[in-house]
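The values are calculated or read from the model by the stated rules, or taken from the named source; none is laboratory data. None of these values were measured; they are calculated from a predicted model. With ideal geometry, Cβ positions are generated from the backbone for all residues, glycine too; neighbour counts draw on all protein chains shown.
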Amino acid sequence: MLLLNSQVLVYPKGSMRRISLIFALIALISGCSDNQEQDSQTKTTSQEVVHPGQETYMMYCAQCHGVTGDGTATIQIDRPARSFIDGGFSFGNTIHAISKTTSSGIPGTPMPPFADVLTPKEIKDVSEYVRTFADVLPEATLDETELVVHTRPVVARGLLPSLGDGLETHPRGVMIGNPDRFSYEYDGNPVRLLAIRQGPFLRRADWGNRGGSALELLGRIVTTIEKGNPNPLFYSEGKALRTQLTSTNVSGTYGTISYNLIDANEKHIGDVTEYCKPTTGVRTLVEQHFEVTLKTPFEIKTPEGSILVGADKLPSGRHSFKIVHASVGGGS
Ligand code: HEC
């Protein structure tokens, strides 16, 4: 309480904004506020006090997110921007999370980065303003079991939940989370990409349970590969090659996964390293990049619904190619 009072005293007198702050503090101190933002607005409407983030919002956000924050765009975009009224934040609804989304944008979607356009204060103000659209918006709490991806990729291994009816769980799952907020859900044995997600990374619900319960994957699914049960990618003389995990690496921008290729006679015949990244543009496409070294000629069978960039039959040797996966679950 003392601290709050001294903060008020530091400000110069006279500004409308300060008055609104004082009202908010009075509301706080008198203990009648569950939602300061909302209260400070209703208590001061008679004085026409505008939120410090409103002007920025109207100039830079309203054309896509709607003047009232309902997600109704006035310009043409290929998928809907979020309605802030419904509070549907897939990247978290703390001021910190909204500021981060606003400053870095969402790669692969029309949501642009504002880091070079707005000052840190403007970003913080506009993020606070965004939060005022929803009636009740409980702050998402970050408990200590949540793995958050900051500036470097993060890899987590554990039991992955089933991706749908009739699909298995994956006890040796590998999750790769990249700083661009895309994450990749791999079966670790055999190695195969199952699904692509976007948003927060995961929560280790398994820690309290000695690895017995599945990782809680927090991102929303952008694409599942062949409905979450993909066929092998690599073949030699028509026979599928077995994939055996060797390592993961998080030293670059994108986390990588490496594995051996084993033929029907249990012979090691090649090595693969792959990583995924979203394309930039108005549509979400994710490219799965491969570096392959093989001792024998091989064939690639592209997953249904995806596109191979390169040849599907290659001689032995070293090759790079990519498979492009389209987003199926964009928007909200
Ligand atoms: C060109 C259109 C466009 C503009 C301009 C724009 N946005 Fe967005 N924004 C989007 C789209 C589209 C999405 C949803 C992306 C997706 O599908 O995940 C989005 C998502 C968001 C989200 C993520 C919500 C979540 O899921 O967690 C936040 C926060 C956000 N925008 C804030 C802002 C702010 C603040 C501004 C202005 C400074 C702004 N946006 C300007 C198009 C736009």
Based on this model, can you work out whether T224 counts as among the polar types (S, T, N, Q), touching a residue at least 40 places away in the same chain (Cβ under 8 Å) and in the same structural domain as P315 (by TED's automatic domain parsing)? no
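How many of the residues making up the range 79-99 are more than 6 Å from the ligand (Cβ to nearest atom) and either at pLDDT 70 or above or not assigned by TED's automatic domain parsing to the domain that holds K124 (or both)? Walk me through how you get there before you give the answer.
In the first step, residues of the range 79-99 are kept if they are more than 6 Å from the ligand (Cβ to nearest atom); the result is 80, 83-88, 92-97, 99.
Keeping just the survivors that are either at pLDDT 70 or above or not assigned by TED's automatic domain parsing to the domain that holds K124 (or both) gives 80, 83-85, 94-97, 99.
The number of residues fulfilling the criteria is 9.
Condition (residue is among the polar types (S, T, N, Q) and not assigned by TED's automatic domain parsing to the domain that holds P303) applied to the range 246-258: is it met by at least one residue? Quick ask: steps written out before the conclusion?
Start the filter on the range 246-258 by keeping residues that are among the polar types (S, T, N, Q), which leaves 246-249, 251, 253, 256, 258.
From what's left, not assigned by TED's automatic domain parsing to the domain that holds P303: none.
No, the range 246-258 contains no residue that is among the polar types (S, T, N, Q) and not assigned by TED's automatic domain parsing to the domain that holds P303.
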Check off (1) within 23 Å of the chain's Cα centre (by Cα); (2) within 29 Å of P315 (Cβ to Cβ); (3) modelled with pLDDT under 95 for R192 and give me the number that stays unchecked. (3)
Of these, Y184, Y275, Y259, Y254, which one is assigned to a loop (DSSP other than H, G, I, E, B) and buried (at least 16 other Cβ atoms within 10 Å of the Cβ)? Y254
Filter the range 100-120 down to the residues that are part of a helix (DSSP H, G or I) and near the ligand (Cβ under 6 Å from one of its atoms) and list them by number. T101, T102
